[in-house]
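A.B. asks: Before anything else, here's the structure in question.
The values are calculated or read from the model by the stated rules, or taken from the named source; none is laboratory data. Not measured: the values here are computed from a predicted model. Every residue, glycine among them, receives a Cβ derived from its backbone with ideal geometry; neighbour counts consider all protein chains shown. In case anyone asks, the SASA skips ligands and DNA or RNA and just uses the protein heavy atoms, side chains included. Shrake-Rupley method; radii C 1.70, N 1.55, O 1.52, S 1.80 Å.
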Amino acid sequence: MAIEWLTLVAAIWLQSINGTNSNFPAYSSELKRILSTSQLNLNNLASANDAGKLFGWISGVAADHLPLWLVLLIGSLLGLLGYGLQFLFLTSQSPSLSYPLIFLLTALAGNGICWINTVCYLITIRNFPLDRQIAVGLSTSYIGLSAKLYTDIVDVMADSDSPSDRAKAFLLLNSALPLLVCLAVAPLARGAVVGKSKRLSRGFFAMFVISMVTGVFAVVTSLKAVVAGVLPSYAILAGMVVILLLPLVVPAGEKVTETVRRRCLIAVHHHDGGGGVAGVEKDVESDVNVEGVGVVDEIGPLVMVRRLEFWLYFFVYLFGATLGLVFVNNLAQIAESRGCSGTSSLVSLSAAFSFFGRLLPSFLDYFFPRSKRLVSRAGAMGVMMGPMCGAFFLLLNGEDASLYVGTGIIGICTGSITSISISTTAELFGTKNFGVNHNILVSNIPIGSFLFGDFAALLYNKARYHNSSLCMGQNCYHTTFILWGSLCCLGTFLAFILHLRTKNLLCSPKITTQSVA
């Protein structure tokens with residue numbers, strides 16, 4: 001069980017550095033200036049971050065035929081190539097890169113994220129089959145901290161507040177940090193002997209406490225106005241590193257418990273003339289029950305895309321989580337158009353609330369297991385999309401407070417929907433083809449990013465002054481927010497329909513038992 005927990009810690013660390021695409025708003029304005037490009041082209045670069053997900057299914061196929069550690073390293077090397085060449089371009093150490101080449105490099109790096117995500121999903125689903133929503137939600141919540149972690153590192157690395165220096169620092173980190181972490185945790189990218197133990201609940205409770213502390217620290221230190229002059233940048237970064245190491249307490253504690261139990265049992269068996277080591281092993285393992293994993297059915301991708309439930313699910317995700325990600329991609333330009341200078345704080349705030357959003361479904365699953373669940377996963381996604389609708393319409397208010405509140409709401413709702421979707425895919429279509437199936441679902445992210453983002457960029461260009469590359473004022477995104485809010489409402493309605501079609505299937509504890517592939 002100690003190894004089982006250690007693989008979860010490895011997934012947490014991988015997720016905490018794998019949100020490199022969420023850093024784009026922090027340096028997008030500088031990239032726009034260097035490339036002397038339009039808002040539409042800049043939005044297409046933001047979409048390119050997600051375009052790699054169109055081919056994310058390749059990582060799922062690779063995971064079925066290659067060792068997971070190799071899949072992990074391939075993903076990190078794609079990021080090294082994609083972001084590394086852009087870093088060399090910004091530092092004038094490589095020939096000038098054309099816009100199409102930068103687009104392709106960004107898409108390549110985005111595809112690398114899929115490879116690392118696939119490994120994280122598979123090791124948590126396989127190693128915690130009976131508690132997969134809790135384990136997956138805990139690990140994926142940390143991807144919401146990526147932008148926060150990278151921003152804290154850049155605050156220490158950058159010699160000044162120069163946008164150029166910060167852009168270079170972000171791209172350097174995006175290329176190097178994932179590779180270093182993947183090399184460190186590659187030996188843990190594997191399956192463990194899985195089981196069900198009473199001690200699992202205590203471990204999850206400890207993980208929840210650590211995660212809550214992590215989230216509170218991230219939110220508080222994201223508010224620069226609160227911590228400015230109180231905590232220096234290096235102290236905030238040191239705090240983040242220490243907090244990311246805290247999950248090691250759980251496997252360490254489990255290892256100590258196992259050692260103590262084993263020694264006590266050896267002493268008892270010697271005293272009673274028991275069966276020696278073999279008897280001890282039997283007693284230690286007797287606390288573990290290996291059970292089947294409940295899934296609806298094992299469905300391949302070709303069958304999946306012919307089902308109505310898949311397409312309802314596809315558009316629910318498109319008008320929910322994808323729309324939230326498009327908002328984050330445009331956050332820098334939205335803040336700039338409103339005259340708000342706290343772009344980095346907004347990005348960090350969005351990341352911190354996304355962390356809590358991703359954690360929320362796991363928290364609810366821990367206290368309200370399947371037998372006590374009132375709504376299906378689809379219904380839960382619909383519940384989280386309701387506040388998002390209100391947040392988009394709240395952004396029609398030009399006050400900075402509305403921007404901060406709206407960003408927080410969209411962050412927490414987007415994170416929740418993303419986390420819920422992982423278990424929804426497994427429950428609707430099974431775990432055997434999960435790597436391919438879920439990557440097909442999230443292919444709607446680049447599609448939505450192009451459609452919704454390009455429409456927003458066209459309206460932005462239409463609203464700006466003719467002799468200026470910038471648009472200033474509330475009218476720059478006014479129509480965009482109305483459209484996004486309306487689409488989110490449509491997605492909420494579709495989620496309700498999907499809930500009606502799947503509630504009996506996914507709320508009942510008595511479902512078909514299948515083994516994990």
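A.B. asks: At a 1.4 Å probe radius, which order do CYS120, CYS264 fall into by accessible area, largest first?
C.D. replies: Details: CYS120 0, CYS264 75 Å².
Highest to lowest solvent-accessible surface, that is CYS264, CYS120.
A.B. asks: Enter the Cα centre distance for the pair the stretch 109-171 and the stretch 439-502, rounded to the nearest angstrom.
C.D. replies: That distance is 24 Å.
A.B. asks: Of the peptides 137-145, 422-430, how do they stack up when ordered by the mean number of other Cβ atoms within 10 Å, highest first?
C.D. replies: Values: 137-145: 28.7, 422-430: 24.9.
For the peptides 137-145, 422-430, the packing ranking is 137-145, 422-430.
A.B. asks: Please report how far the C-alpha centroid of the stretch 202-217 lies from that of the stretch 5-64, rounded to the nearest whole angstrom.
C.D. replies: 27
A.B. asks: If packing is taken as the mean number of other Cβ atoms within 10 Å per residue, what is the order of 202-210, 300-308, highest first?
C.D. replies: So the peptides 202-210, 300-308, ranked by packing, come out 202-210, 300-308.
A.B. asks: For every other residue with a beta carbon closer than 15 angstrom to the beta carbon of VAL241, add +1 if it is Lys or Arg and -1 if Asp or Glu, then tell me the sum.
C.D. replies: Result for the neighbourhood of VAL241: -1.
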